[in-house]
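The values are calculated or read from the model by the stated rules, or taken from the named source; none is laboratory data. Values in this document were obtained by computation on a predicted structure and should not be read as measured data. Virtual Cβ from ideal backbone geometry, glycine too; neighbours counted across all protein chains shown. In case anyone asks, the SASA skips ligands and DNA or RNA and just uses the protein heavy atoms, side chains included. Shrake-Rupley method; radii C 1.70, N 1.55, O 1.52, S 1.80 Å.
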Amino acid sequence: MNYLCFDIGGTNIKYAVVSNNFHYLQEVQEVPTEKTKKDNNILNQIIAITNFEKQKYLLEGVCISSSGVIDPKHGSIKSAGQTIPGYTGTKVATEVWEQCSLPCTIENDVNCALLAEMSYLNDKYRNVFCLTVGTGIGGACVIDRKLYTGNTGYAGEIGYLPINNNLNYQDIACTKSLIDSINSELNLNLTNGREVLANLESNHKIEPIIDDWLKNIASGILMIQYILAPDLIIIGGGIFMNNQLFINKLQNIVDNSLEKSFKTHISLSLAKFGNNAGLIGALIYFLHKKGIK
């Protein structure tokens, strides 16, 4: 059985056809997220891609991982804030069914990423937090190996934590905040995390800006540790993919910042599934919800 899996972010939409055994039938495709300052074209993009892929593959369903606060029960977007303008209230699952005749589930992208990561971790990791760094900051929590969403359905949304001066955590710790700082301080015109990494070796003035940004990320990790003390904190997002240098720097910052009387170690790990964790997690969620696995 084959499924079309989407991972919708504020910058790009990734998708691929994947079997129920998690075998990719095609390379992961990526297209820009079509949006303006006031609206977006995401639903039409999903519909168009789904109807196109239906002509090539026999699909059993559409599995969506998406940024924003999601209502998985009704398959809609509860809130997306400024990351994706006009996304709030979009009835994704209903529209996919009506326009593509395929069942559809949608869940928060970080929840999906954590579901994928948990399928990889052995049973000793009972309580795990996943932090993803991208256009915004996302968070998800597993307690006793079960996804914890709280009575609101969006527990773990650490990106919205107020920090200071009317700023949220994601305002100071997302990839965009790093890019804005580099461009402002060094008079550059970088547009994404890939360009930051590409310029890092040749422009050493970028490194101290990154170090300050990692300290901002560490402030949120310390909050997670003090509140939940999980067995593991997984760090994901494009700029962290296979980036052992950043995770080592981050590990050093949090180890030196933790209140000494706690006498503990914060275990950080890069996401094993990298940038495709959302796709796999979306499929895991679909199969579970439909009672297939």
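Restricted to the range 256-270, and to residues that are in contact with a strand residue (DSSP E or B) (Cβ under 9 Å, 6 or more places away or on another chain) and assigned to a loop (DSSP other than H, G, I, E, B), which residue is modelled with the highest pLDDT?
Start the filter on the range 256-270 by keeping residues that are in contact with a strand residue (DSSP E or B) (Cβ under 9 Å, 6 or more places away or on another chain), which leaves 266-270.
From what is left, the residues that are assigned to a loop (DSSP other than H, G, I, E, B) are 266-267.
Working: Ile266: 89, Ser267: 94.
Only one residue fits best here, namely Ser267.
For Asn192, state whether it is touching a residue at least 60 places away in the same chain (Cβ under 8 Å) and over 15 Å from the mean Cα position of the chain (by Cα). Steps first, please.
Details: touching a residue at least 60 places away in the same chain (Cβ under 8 Å): yes; over 15 Å from the mean Cα position of the chain (by Cα): yes.
Against the criterion (touching a residue at least 60 places away in the same chain (Cβ under 8 Å) and over 15 Å from the mean Cα position of the chain (by Cα)), Asn192 qualifies.
Here are the criteria: (1) surrounded by 15 or more Cβ atoms within 10 Å (Cβ to Cβ); (2) out of contact with any Gly (no Cβ under 6 Å at 6 or more places or on another chain); (3) modelled with pLDDT under 95; (4) under 30 Å from Asn21 (Cβ atoms). Tell me which single one Lys293 does not satisfy.
So Lys293 meets the others, but not (1).
Restricting attention to the range 242-290, and to residues there that are touching a Cys at 6+ places or on another chain (Cβ under 9 Å) and of a type in the set (Val, Ile, Thr), which single residue is surrounded by the fewest Cβ atoms within 10 Å (Cβ to Cβ)?
Ile284
Would you list the strands (runs of 3 or more DSSP E) that sit entirely within the range 1-82 and hold 2 or more residues that are open to solvent by 40 Å² or more (accessible area, probe 1.4 Å)?
Details: elements: 2-8, 12-19, 29-32, 59-66, 69-71, 76-79.
Of the strands (runs of 3 or more DSSP E) lying wholly inside the range 1-82, those with at least 2 residues that are open to solvent by 40 Å² or more (accessible area, probe 1.4 Å) span 29-32, 76-79.
Could you please let me know if Ile227 is in a helix (DSSP H, G or I), open to solvent by 80 Å² or more (accessible area, probe 1.4 Å) and either of a type in the set (Val, Ile, Thr) or touching a Leu at 6+ places or on another chain (Cβ under 7 Å) (or both)? Before you say what the answer is, go through the steps one by one.
On the way: in a helix (DSSP H, G or I): yes; open to solvent by 80 Å² or more (accessible area, probe 1.4 Å): yes; either of a type in the set (Val, Ile, Thr) or touching a Leu at 6+ places or on another chain (Cβ under 7 Å) (or both): yes.
Against the criterion (in a helix (DSSP H, G or I), open to solvent by 80 Å² or more (accessible area, probe 1.4 Å) and either of a type in the set (Val, Ile, Thr) or touching a Leu at 6+ places or on another chain (Cβ under 7 Å) (or both)), Ile227 qualifies.
Which residues, counting only those in the range 103-134, are part of a loop (DSSP other than H, G, I, E, B) and out of contact with any strand residue (DSSP E or B) (no Cβ under 9 Å at 6 or more places or on another chain)?
As a first pass, look at the range 103-134 and keep what is part of a loop (DSSP other than H, G, I, E, B): 103, 121-127, 134.
Passing the criteria: Asn122, Asp123, Lys124.
Of the conditions (1) free of Cβ contacts under 8 Å to residues at least 24 places away in the same chain; (2) under 19 Å from Phe246 (Cβ atoms); (3) among the charged types (D, E, K, R); (4) buried (at least 18 other Cβ atoms within 10 Å of the Cβ), Glu117 satisfies every one except a single condition; which number is it?
(1)
Quickly run through the range 138-157 and pick out the residues that are out of contact with any Leu (no Cβ under 7 Å at 6 or more places or on another chain) and either closer than 16 Å to Ser219 by Cα or open to solvent by 60 Å² or more (accessible area, probe 1.4 Å) (or both).
Within the range 138-157, Gly138, Ile143, Asp144, Arg145, Lys146, Tyr148, Asn151, Thr152, Tyr154, Gly156, Glu157 qualify.
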